[in-house]
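Below is one structure, written out as C-alpha cells; comments come after it.
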Amino acid sequence: MLNRKEIEIYADVFAYGVMFLFDMISPEALADFREVAAKQWTMLKRFRGEWLSDQKQIEQNGEASLNQLQEVVEELAQIIGNTAQALEQAKRNTKQMRIDAGMSPEQAERIGKKEEELENLKAQRKETQKAIADTRERIRKKFAPKDDDDIGILWGKALRFMSVNMPEDAKLCIDALRRRNTSEFPPVALDTAEAIFLSKEPLPFVDGVLVCAYEPPATSHAIFKVGDVITKVNEKPCRRYEDYRNKAGNTYTIYRRNAKGQFDKLTATMPEGQPRVALVDLTEKGSGK
C-alpha cells in the first residue's frame, strides 16, 4: 500500500513540475504537450482535467506533495528497518538454540547459512514456476483450437503446444482434427500422433515425419502404412517434410506401432512404381519433443 502511495505521489511531483515548466515557456507549448504527451503518459492521466496555471498554486501543491513523499519514505524505511531487525534477531535466537542443544558456534552458523540458501532457492523456484505457469496460460489462450481453424492450422497448434511440453493441449487439437473427419488426417494417423504426444516413456525417435495418406487413387503402399513414422532416408535424418525423398531404390528407416502400442523399427527399400505419400512434421521447426 505504501509503495503504491509513493508511486502516486512521485507522479504528482512530476506533474506539478511539468505544469510549472510549461507555464513558464508558453501557453502554446503547454497545449501541445497536453494534446500529445499527457494523453500517453500514465502518470499524467489524473491531471488531464486539472491543469493549473497559477505559479504560486503550482509551487504550493508541489511542496505539499514533496512533504507527503518524505513522510511515506520515512514510514517505509521504518517498516523495512524493523523487519530486518526482527529477522536478524530470529536468526540469532535460532543459532543460540542450536548451540544450547550441543552444536559448536561454527556448526550452528553453517547450518543457518545453508537454511537461508535453501529458502532463497525455494523462493526462486516458486517464482520460476509461476512464470512458467503464466507463460503456458498465455500460450494456451493464444493457440487454443477454434472452430474456424483449418486442418493445417490445427496441426501447427498441436506442434506449438508440444514444443513447450503441453501435451494435453496438443491432444485438444488432435481431438478437433478427429471431429473434422478428413481424409488428410485419418484416425490411424491421429492415433499415432496422440500416442507420440502423450507418451510417458522415452520414444525410440525424437522427430520424423508422419505418413498420413497415399496419393489417390492408391489405397496401399509397398513399404509404408498410414501412421508410420519415417526417421531416415538412406541413413540420413528425415526430421522434416523437406528431408524426405520419394525415389525407387531409397532405403527408409520406419517406426510402426504394433498391437501393444509400442514402436517397432523397420528398414525397407522403395521398389519401382509406388505412389507418393502425404506427410506432416512431428515437431515444430527449431524444436524437438
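Taking the highest mean first, how do the peptides 119-129, 161-171, 103-113, 244-254 order by number of other beta carbon atoms within 10 angstrom per residue?
161-171, 244-254, 103-113, 119-129
Could you point to the label whose value was computed as Rg/Rh (Cα atoms, Kirkwood Rh) for the structure here, given (i) 1.06; (ii) 1.27; (iii) 0.95?
Matching the structure shown: (ii).
Would you work out the charge dipole size for the chain about its Cα centre, treating the Cβ of every Lys and Arg as +1 and the Cβ of every Asp and Glu as -1, and quote it to the nearest 20 debye?
1700
Which entries of LYS157/LYS285; LYS157/LYS232; LYS200/LYS260; LYS126/LYS157; LYS225/LYS265; LYS200/LYS236 have Cα-Cα distances beyond 18 Å here?
In this structure, LYS157/LYS232; LYS126/LYS157; LYS200/LYS236 exceed 18 Å between Cα atoms.
Determine, for ILE79, ILE151, the number of other Cβ atoms within 10 Å of each Cβ, and report the residues in order from fewest to most.
Ranking ILE79, ILE151 by Cβ neighbours within 10 Å, fewest first, gives ILE79, ILE151.
So, in nm, how far is label LYS236 from label ARG110 when the simple model puts each one 7 Å beyond its Cα toward the Cβ?
For LYS236 paired with ARG110, the spin-label model returns 5.9 nm.
State to the nearest 20 debye the size of the charge dipole of the stretch 124-210 about its Cα centre, where the only charges are +1 on K and R beta carbons and -1 on D and E beta carbons.
460
By how many nm would the segment from ARG4 to ARG136 lengthen if fully extended, with 0.36 nm per residue of separation less the alpha-carbon distance?
Value of the extension gain: 44.6 nm.
For LEU76, what is the net charge nearby, where nearby means another residue's Cβ is under 15 Å from its Cβ and Lys, Arg count +1, Asp, Glu -1?
That works out to -3.
Please name whichever of VAL72, THR83, ALA222 sits farthest to the positive end of the charge dipole of the chain, dipole taken about the Cα centre and charges placed at Cβ: Lys and Arg +1, Asp and Glu -1.
ALA222
Mind checking the full-extension length gain between ASP147 and LYS200? Use 0.36 nm per residue of separation minus the Cα-Cα distance, one decimal, nm.
Gain on stretching ASP147 to LYS200: 16.1 nm.
For ASP100 and GLN57, calculate 0.36 nm times their separation in residues minus their Cα-Cα distance, and state this gained length in nm to one decimal.
Additional length available on full extension: 9.0 nm.
None of the figures in this text is laboratory data; all of them are computed from the coordinates on show. Because the structure is predicted, anything quoted here is derived from the model rather than measured. Methodologically, a virtual Cβ is constructed for each residue, glycine included, from the backbone with ideal geometry; neighbour enumeration extends over all protein chains shown.
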